[in-house]
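Remarks on the structure that follows.
The values are calculated or read from the model by the stated rules, or taken from the named source; none is laboratory data. Bear in mind that the values here come from a model prediction, so they are computed numbers and not experimental data. Because the Cβ atoms are built from the backbone with ideal geometry, glycine has one as well, and the counts that use them run over all protein chains shown. Surface areas here come from the heavy atoms of the whole protein model, side chains and all, with no ligands, DNA or RNA. Shrake-Rupley method; radii C 1.70, N 1.55, O 1.52, S 1.80 Å.
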Amino acid sequence: MADALKDRIDAALVEDLADRLAAADPAFDRPGFTAAVLADLDDLELKARVDRVADGIVAALGGDHPAALDAALAVAGSGVEGFAAWPLCSVVERHGLVDPDRSLAAMPVLTRRWSCEFAIRPFLDAEPDLTLDHLRRWVADDDELVRRLVSEGTRPRLPWAPRVQLLLDDPAIGIDLLTELRHDPSETVRRSVANHLNDVARAHPDLVVDTLSGWAADPEVDPRLVRHALRNLVKDGHPGALEILGVTTDPSVEVDAFVVTPDEIRLGDHIELTAHLTSTAGAGQRLVVDFVIHHIGADGTSRPKVFKWTTVDLPAGESVELRKRRRIQTASTRRYHAGYHRVGLQVAGAEAASGGFDLLESST
(Lines give C-alpha, C1' and ligand atoms only; values in the text may rest on other atoms or scores of the structure.)
Protein backbone atom coordinates (compact mmCIF):
# COMPACT_ATOMS: atom_id res chain seq x y z
CA MET A 1 0.00 0.00 0.00
CA ALA A 2 1.38 3.41 -1.00
CA ASP A 3 2.43 5.81 1.74
CA ALA A 4 0.10 8.70 2.51
CA LEU A 5 1.27 12.05 1.20
CA LYS A 6 1.44 13.41 4.73
CA ASP A 7 4.21 10.94 5.50
CA ARG A 8 6.50 12.80 3.12
CA ILE A 9 6.83 15.38 5.93
CA ASP A 10 8.52 13.05 8.40
CA ALA A 11 11.30 13.06 10.99
CA ALA A 12 14.03 12.50 8.41
CA LEU A 13 12.89 15.51 6.40
CA VAL A 14 12.73 17.67 9.54
CA GLU A 15 16.23 16.63 10.60
CA ASP A 16 17.63 17.38 7.14
CA LEU A 17 15.98 20.81 7.09
CA ALA A 18 17.33 21.48 10.58
CA ASP A 19 20.88 20.78 9.38
CA ARG A 20 20.47 23.08 6.39
CA LEU A 21 18.90 25.88 8.44
CA ALA A 22 21.61 25.68 11.11
CA ALA A 23 24.24 25.93 8.38
CA ALA A 24 22.45 28.96 6.92
CA ASP A 25 22.17 30.85 10.22
CA PRO A 26 24.29 30.05 13.33
CA ALA A 27 21.57 31.63 15.50
CA PHE A 28 19.10 28.93 14.44
CA ASP A 29 17.97 26.91 17.49
CA ARG A 30 18.30 23.44 16.05
CA PRO A 31 17.41 21.44 19.20
CA GLY A 32 14.44 23.66 19.94
CA PHE A 33 13.26 23.42 16.33
CA THR A 34 13.35 19.63 16.12
CA ALA A 35 11.77 19.18 19.55
CA ALA A 36 8.88 21.54 18.76
CA VAL A 37 8.25 20.27 15.25
CA LEU A 38 8.52 16.55 15.94
CA ALA A 39 6.22 16.61 18.96
CA ASP A 40 3.05 14.72 17.85
CA LEU A 41 3.97 15.30 14.18
CA ASP A 42 2.57 11.87 13.33
CA ASP A 43 -0.86 12.98 14.51
CA LEU A 44 -1.07 15.84 12.01
CA GLU A 45 -2.37 15.84 8.45
CA LEU A 46 -0.29 17.05 5.51
CA LYS A 47 -0.91 20.82 5.50
CA ALA A 48 -0.77 20.95 9.30
CA ARG A 49 2.65 19.30 9.17
CA VAL A 50 3.88 21.82 6.63
CA ASP A 51 2.60 24.70 8.76
CA ARG A 52 4.19 23.20 11.87
CA VAL A 53 7.60 23.16 10.17
CA ALA A 54 7.19 26.71 8.83
CA ASP A 55 6.17 28.07 12.22
CA GLY A 56 9.06 26.19 13.80
CA ILE A 57 11.56 27.85 11.47
CA VAL A 58 10.40 31.31 12.50
CA ALA A 59 10.25 30.40 16.19
CA ALA A 60 13.77 28.89 16.11
CA LEU A 61 15.05 32.30 14.95
CA GLY A 62 13.33 34.14 17.77
CA GLY A 63 10.29 35.14 15.72
CA ASP A 64 12.51 37.23 13.45
CA HIS A 65 10.80 36.99 10.06
CA PRO A 66 13.57 38.71 8.06
CA ALA A 67 16.08 36.21 9.47
CA ALA A 68 13.70 33.33 8.75
CA LEU A 69 13.20 34.54 5.18
CA ASP A 70 16.96 34.81 4.67
CA ALA A 71 17.41 31.29 6.01
CA ALA A 72 14.60 29.97 3.79
CA LEU A 73 16.22 31.53 0.71
CA ALA A 74 19.60 30.12 1.66
CA VAL A 75 18.16 26.64 2.07
CA ALA A 76 16.33 26.96 -1.24
CA GLY A 77 19.67 27.84 -2.79
CA SER A 78 21.30 24.78 -1.22
CA GLY A 79 19.41 22.49 -3.56
CA VAL A 80 16.54 21.38 -1.36
CA GLU A 81 13.49 20.42 -3.40
CA GLY A 82 10.18 18.61 -3.31
CA PHE A 83 8.23 18.32 -0.09
CA ALA A 84 11.20 19.61 1.91
CA ALA A 85 10.87 22.96 0.13
CA TRP A 86 7.16 23.37 0.81
CA PRO A 87 7.63 24.68 4.39
CA LEU A 88 10.00 27.34 3.04
CA CYS A 89 7.14 28.73 0.96
CA SER A 90 4.86 28.47 3.98
CA VAL A 91 7.21 30.70 5.97
CA VAL A 92 6.21 33.43 3.53
CA GLU A 93 2.55 32.38 3.43
CA ARG A 94 2.11 32.42 7.20
CA HIS A 95 4.49 35.17 8.30
CA GLY A 96 5.46 37.20 5.24
CA LEU A 97 2.83 39.91 5.41
CA VAL A 98 4.94 41.74 8.00
CA ASP A 99 7.24 42.62 5.08
CA PRO A 100 5.28 42.13 1.85
CA ASP A 101 7.87 43.68 -0.45
CA ARG A 102 10.67 41.31 0.59
CA SER A 103 8.31 38.37 0.77
CA LEU A 104 6.97 38.86 -2.74
CA ALA A 105 10.48 39.41 -4.05
CA ALA A 106 11.47 36.05 -2.54
CA MET A 107 8.71 34.07 -4.24
CA PRO A 108 10.39 33.67 -7.66
CA VAL A 109 13.33 32.01 -5.88
CA LEU A 110 11.23 29.79 -3.64
CA THR A 111 8.73 28.78 -6.31
CA ARG A 112 11.52 27.14 -8.29
CA ARG A 113 11.80 24.61 -5.45
CA TRP A 114 8.11 24.26 -4.58
CA SER A 115 5.27 26.31 -6.00
CA CYS A 116 4.28 29.43 -4.05
CA GLU A 117 0.72 29.12 -5.38
CA PHE A 118 -0.60 28.82 -1.80
CA ALA A 119 1.81 31.37 -0.37
CA ILE A 120 0.75 34.19 -2.67
CA ARG A 121 -2.94 34.05 -1.79
CA PRO A 122 -2.78 35.96 1.53
CA PHE A 123 -0.95 38.73 -0.34
CA LEU A 124 -3.72 38.96 -2.94
CA ASP A 125 -6.13 39.46 -0.04
CA ALA A 126 -4.07 41.93 2.00
CA GLU A 127 -1.91 43.70 -0.61
CA PRO A 128 -3.70 43.32 -3.96
CA ASP A 129 -2.12 46.26 -5.82
CA LEU A 130 1.43 45.40 -4.78
CA THR A 131 0.90 41.71 -5.52
CA LEU A 132 -0.60 42.36 -8.94
CA ASP A 133 2.38 44.57 -9.79
CA HIS A 134 4.66 41.59 -9.15
CA LEU A 135 2.41 39.20 -11.07
CA ARG A 136 2.40 41.46 -14.12
CA ARG A 137 6.20 41.40 -14.14
CA TRP A 138 6.40 37.66 -13.61
CA VAL A 139 4.43 36.85 -16.78
CA ALA A 140 7.63 37.70 -18.67
CA ASP A 141 10.04 35.83 -16.36
CA ASP A 142 12.55 33.52 -18.02
CA ASP A 143 11.59 30.63 -15.73
CA GLU A 144 8.41 28.72 -16.59
CA LEU A 145 7.85 27.91 -12.91
CA VAL A 146 7.60 31.62 -12.12
CA ARG A 147 5.22 32.17 -15.04
CA ARG A 148 3.14 29.21 -13.88
CA LEU A 149 2.90 30.83 -10.43
CA VAL A 150 1.05 33.72 -12.07
CA SER A 151 -1.73 31.56 -13.50
CA GLU A 152 -1.87 28.94 -10.75
CA GLY A 153 -1.63 31.32 -7.80
CA THR A 154 -4.55 33.39 -9.09
CA ARG A 155 -6.89 30.46 -9.76
CA PRO A 156 -10.27 31.31 -8.20
CA ARG A 157 -10.78 27.74 -6.98
CA LEU A 158 -7.26 26.43 -6.48
CA PRO A 159 -7.58 22.96 -4.87
CA TRP A 160 -6.71 22.82 -1.15
CA ALA A 161 -6.28 26.61 -1.06
CA PRO A 162 -8.44 29.27 0.59
CA ARG A 163 -10.62 31.33 -1.72
CA VAL A 164 -9.51 34.85 -2.60
CA GLN A 165 -12.58 37.07 -2.68
CA LEU A 166 -10.92 39.55 -5.04
CA LEU A 167 -10.58 36.86 -7.70
CA LEU A 168 -14.08 35.52 -7.16
CA ASP A 169 -15.59 39.00 -7.45
CA ASP A 170 -13.58 40.07 -10.49
CA PRO A 171 -12.34 37.11 -12.58
CA ALA A 172 -11.19 39.57 -15.28
CA ILE A 173 -8.14 40.25 -13.08
CA GLY A 174 -6.92 36.72 -13.66
CA ILE A 175 -7.95 36.62 -17.31
CA ASP A 176 -5.89 39.75 -18.03
CA LEU A 177 -2.83 37.88 -16.74
CA LEU A 178 -3.74 34.71 -18.62
CA THR A 179 -3.99 36.64 -21.86
CA GLU A 180 -0.28 37.37 -21.55
CA LEU A 181 0.40 33.64 -21.06
CA ARG A 182 -1.86 32.13 -23.73
CA HIS A 183 1.09 31.67 -26.13
CA ASP A 184 3.53 30.51 -23.45
CA PRO A 185 6.14 28.09 -24.81
CA SER A 186 5.74 25.83 -21.76
CA GLU A 187 3.00 23.22 -21.85
CA THR A 188 3.05 23.28 -18.04
CA VAL A 189 2.11 26.96 -18.08
CA ARG A 190 -0.53 26.50 -20.77
CA ARG A 191 -2.07 23.66 -18.76
CA SER A 192 -2.29 25.95 -15.74
CA VAL A 193 -3.94 28.64 -17.87
CA ALA A 194 -6.54 26.08 -18.95
CA ASN A 195 -7.19 24.98 -15.37
CA HIS A 196 -7.60 28.61 -14.30
CA LEU A 197 -10.19 29.21 -17.03
CA ASN A 198 -12.00 26.02 -16.07
CA ASP A 199 -12.24 27.41 -12.51
CA VAL A 200 -13.69 30.68 -13.79
CA ALA A 201 -16.20 28.82 -15.96
CA ARG A 202 -17.98 27.43 -12.90
CA ALA A 203 -19.39 30.86 -12.03
CA HIS A 204 -18.84 32.80 -15.26
CA PRO A 205 -19.28 30.39 -18.20
CA ASP A 206 -20.10 33.06 -20.77
CA LEU A 207 -16.99 35.08 -19.85
CA VAL A 208 -14.80 32.05 -20.49
CA VAL A 209 -16.58 31.23 -23.75
CA ASP A 210 -16.22 34.82 -24.95
CA THR A 211 -12.52 34.82 -24.00
CA LEU A 212 -11.76 31.52 -25.71
CA SER A 213 -13.81 32.43 -28.78
CA GLY A 214 -11.26 35.16 -29.42
CA TRP A 215 -8.29 33.00 -28.53
CA ALA A 216 -9.38 30.04 -30.64
CA ALA A 217 -9.35 32.20 -33.76
CA ASP A 218 -5.62 32.77 -33.23
CA PRO A 219 -3.68 29.97 -34.96
CA GLU A 220 -0.87 30.32 -32.41
CA VAL A 221 -3.10 29.26 -29.52
CA ASP A 222 -2.68 25.63 -28.48
CA PRO A 223 -5.98 23.84 -29.24
CA ARG A 224 -5.27 21.51 -26.29
CA LEU A 225 -5.41 24.55 -23.99
CA VAL A 226 -8.81 25.49 -25.41
CA ARG A 227 -10.20 21.95 -25.08
CA HIS A 228 -8.93 21.52 -21.54
CA ALA A 229 -10.28 24.90 -20.45
CA LEU A 230 -13.72 24.04 -21.83
CA ARG A 231 -13.87 20.47 -20.53
CA ASN A 232 -16.54 21.01 -17.89
CA LEU A 233 -18.60 23.36 -20.05
CA VAL A 234 -18.58 20.71 -22.77
CA LYS A 235 -19.79 18.11 -20.26
CA ASP A 236 -22.55 20.56 -19.33
CA GLY A 237 -23.51 20.97 -22.98
CA HIS A 238 -22.83 24.72 -23.07
CA PRO A 239 -23.67 25.69 -26.68
CA GLY A 240 -20.91 28.27 -26.93
CA ALA A 241 -18.27 25.82 -25.73
CA LEU A 242 -19.44 23.16 -28.17
CA GLU A 243 -19.43 25.68 -30.99
CA ILE A 244 -15.83 26.71 -30.29
CA LEU A 245 -14.76 23.08 -30.60
CA GLY A 246 -16.75 22.55 -33.78
CA VAL A 247 -19.10 20.09 -32.10
CA THR A 248 -22.80 19.64 -32.93
CA THR A 249 -24.80 21.62 -30.39
CA ASP A 250 -28.24 20.13 -31.12
CA PRO A 251 -27.61 16.58 -32.30
CA SER A 252 -30.12 14.42 -34.13
CA VAL A 253 -29.38 10.91 -32.95
CA GLU A 254 -31.19 7.86 -31.65
CA VAL A 255 -29.78 5.64 -28.92
CA ASP A 256 -30.51 2.11 -30.08
CA ALA A 257 -28.97 0.60 -26.97
CA PHE A 258 -27.10 1.61 -23.83
CA VAL A 259 -25.98 -1.26 -21.63
CA VAL A 260 -24.05 -1.27 -18.36
CA THR A 261 -22.49 -4.61 -17.37
CA PRO A 262 -22.23 -6.40 -15.04
CA ASP A 263 -25.33 -5.71 -12.97
CA GLU A 264 -23.50 -6.24 -9.68
CA ILE A 265 -19.92 -5.41 -8.74
CA ARG A 266 -17.69 -4.90 -5.74
CA LEU A 267 -15.28 -2.06 -5.17
CA GLY A 268 -12.26 -2.50 -7.44
CA ASP A 269 -14.22 -4.22 -10.23
CA HIS A 270 -14.76 -2.79 -13.70
CA ILE A 271 -17.98 -1.83 -15.39
CA GLU A 272 -18.32 -1.86 -19.17
CA LEU A 273 -20.51 0.60 -21.06
CA THR A 274 -21.81 -0.14 -24.53
CA ALA A 275 -23.71 2.44 -26.57
CA HIS A 276 -25.17 2.07 -30.06
CA LEU A 277 -26.04 5.39 -31.74
CA THR A 278 -27.71 6.07 -35.08
CA SER A 279 -27.74 9.44 -36.83
CA THR A 280 -31.14 10.82 -37.86
CA ALA A 281 -29.61 13.95 -39.40
CA GLY A 282 -29.26 14.79 -43.06
CA ALA A 283 -25.62 15.78 -42.64
CA GLY A 284 -22.60 14.61 -40.71
CA GLN A 285 -22.37 15.41 -36.99
CA ARG A 286 -19.50 15.67 -34.54
CA LEU A 287 -20.81 14.31 -31.25
CA VAL A 288 -19.39 14.71 -27.77
CA VAL A 289 -20.29 11.59 -25.82
CA ASP A 290 -19.81 11.39 -22.06
CA PHE A 291 -21.16 9.33 -19.20
CA VAL A 292 -22.29 10.30 -15.74
CA ILE A 293 -22.23 8.13 -12.62
CA HIS A 294 -24.68 9.10 -9.90
CA HIS A 295 -22.61 8.21 -6.83
CA ILE A 296 -24.42 7.22 -3.66
CA GLY A 297 -23.33 9.27 -0.67
CA ALA A 298 -23.13 8.21 2.95
CA ASP A 299 -26.50 9.85 3.52
CA GLY A 300 -28.12 7.89 0.70
CA THR A 301 -28.44 10.81 -1.72
CA SER A 302 -26.88 10.63 -5.17
CA ARG A 303 -24.27 13.01 -6.56
CA PRO A 304 -23.58 13.02 -10.30
CA LYS A 305 -20.07 13.07 -11.72
CA VAL A 306 -19.55 13.43 -15.46
CA PHE A 307 -16.67 11.54 -17.10
CA LYS A 308 -15.32 12.11 -20.59
CA TRP A 309 -15.92 9.30 -23.07
CA THR A 310 -15.17 10.33 -26.65
CA THR A 311 -15.81 12.65 -29.57
CA VAL A 312 -17.06 10.87 -32.67
CA ASP A 313 -17.79 11.97 -36.25
CA LEU A 314 -21.06 10.35 -37.31
CA PRO A 315 -22.04 10.58 -41.00
CA ALA A 316 -25.68 11.14 -41.99
CA GLY A 317 -27.84 8.05 -41.43
CA GLU A 318 -24.99 5.90 -40.12
CA SER A 319 -24.53 4.11 -36.81
CA VAL A 320 -21.67 3.65 -34.40
CA GLU A 321 -21.04 1.36 -31.43
CA LEU A 322 -18.98 2.70 -28.54
CA ARG A 323 -17.44 0.78 -25.65
CA LYS A 324 -15.88 2.02 -22.42
CA ARG A 325 -14.45 0.25 -19.36
CA ARG A 326 -14.08 1.97 -16.02
CA ARG A 327 -12.80 0.68 -12.73
CA ILE A 328 -14.94 1.59 -9.74
CA GLN A 329 -12.51 2.45 -6.99
CA THR A 330 -12.03 4.94 -4.19
CA ALA A 331 -10.27 8.18 -5.14
CA SER A 332 -8.82 11.02 -3.07
CA THR A 333 -11.93 13.13 -3.70
CA ARG A 334 -14.55 10.39 -3.88
CA ARG A 335 -15.76 7.53 -1.69
CA TYR A 336 -18.11 4.81 -2.86
CA HIS A 337 -21.00 3.43 -0.83
CA ALA A 338 -23.04 0.31 -1.45
CA GLY A 339 -26.25 0.69 -3.43
CA TYR A 340 -27.62 1.21 -6.91
CA HIS A 341 -25.58 3.65 -9.01
CA ARG A 342 -27.38 5.06 -12.03
CA VAL A 343 -25.21 5.64 -15.10
CA GLY A 344 -26.33 8.11 -17.73
CA LEU A 345 -25.24 8.42 -21.35
CA GLN A 346 -24.76 12.05 -22.37
CA VAL A 347 -24.66 13.36 -25.93
CA ALA A 348 -23.74 17.06 -26.25
CA GLY A 349 -24.27 17.46 -22.52
CA ALA A 350 -27.83 16.10 -22.46
CA GLU A 351 -28.78 12.71 -21.05
CA ALA A 352 -29.93 10.40 -23.82
CA ALA A 353 -30.20 7.05 -22.01
CA SER A 354 -29.42 5.43 -18.69
CA GLY A 355 -28.55 2.15 -17.01
CA GLY A 356 -26.82 1.27 -13.79
CA PHE A 357 -25.16 -1.21 -11.47
CA ASP A 358 -25.45 -2.36 -7.89
CA LEU A 359 -22.32 -1.83 -5.80
CA LEU A 360 -22.27 -4.59 -3.19
CA GLU A 361 -20.82 -4.35 0.28
CA SER A 362 -17.11 -5.12 0.27
CA SER A 363 -16.34 -8.66 1.29
CA THR A 364 -14.27 -9.13 4.44
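What the table shows:
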item: Single unsatisfied condition, residue 130 versus (1) within 20 Å of residue 194 (Cα to Cα); (2) in contact (Cβ under 8 Å) with a residue 12 or more places away in the chain; (3) open to solvent by 10 Å² or more (accessible area, probe 1.4 Å); result: (1)
item: Counted residues, segment 238-261 - those being in a strand (DSSP E or B) and of a type outside the set (S, T, N, Q); result: 8
item: Selected residue (criterion: least open to solvent (accessible area, probe 1.4 Å)) from residues of segment 220-237 that are in a loop (DSSP other than H, G, I, E, B) and over 22 Å from residue 188 (Cβ atoms); result: 237
item: Residue check, residue 179 open to solvent by less than 10 Å² (accessible area, probe 1.4 Å), at pLDDT 95 or above and among the hydroxyl-bearing types (Ser, Thr, Tyr); result: no
item: Residue count, segment 295-323 (criterion: under 29 Å from the mean Cα position of the chain (by Cα) and surrounded by fewer than 17 Cβ atoms within 10 Å (Cβ to Cβ)); result: 15
item: Odd one out for residue 148, checked against (1) surrounded by fewer than 17 Cβ atoms within 10 Å (Cβ to Cβ); (2) under 22 Å from residue 80 (Cβ atoms); (3) among the charged types (D, E, K, R); result: (1)
item: Any strands (runs of 3 or more DSSP E) falling wholly within segment 262-364 and containing at least 2 residues that are without any contact (Cβ under 8 Å) to a residue 40 or more places away in the chain and not acidic (Asp, Glu); result: 302-314
item: Close pairs (7 angstrom Cβ cut-off, 6 or more residues apart or separate chains): of a type in the set (Ser, Thr, Tyr) in segment 163-189, open to solvent by 50 Å² or more (accessible area, probe 1.4 Å) anywhere; result: 186/144; 188/144; 188/148
item: Residue that is nearest to residue 296 (Cα to Cα), among those in segment 332-353 that are hydrophobic (A, V, I, L, M, F, W, C) and open to solvent by less than 30 Å² (accessible area, probe 1.4 Å); result: 343
item: Test: residue in segment 240-253 that is buried (at least 19 other Cβ atoms within 10 Å of the Cβ), among the small types (Gly, Ala, Ser), out of contact with any helix residue (DSSP H, G or I) (no Cβ under 7 Å at 6 or more places or on another chain) and under 16 Å from residue 346 (Cβ atoms); result: no
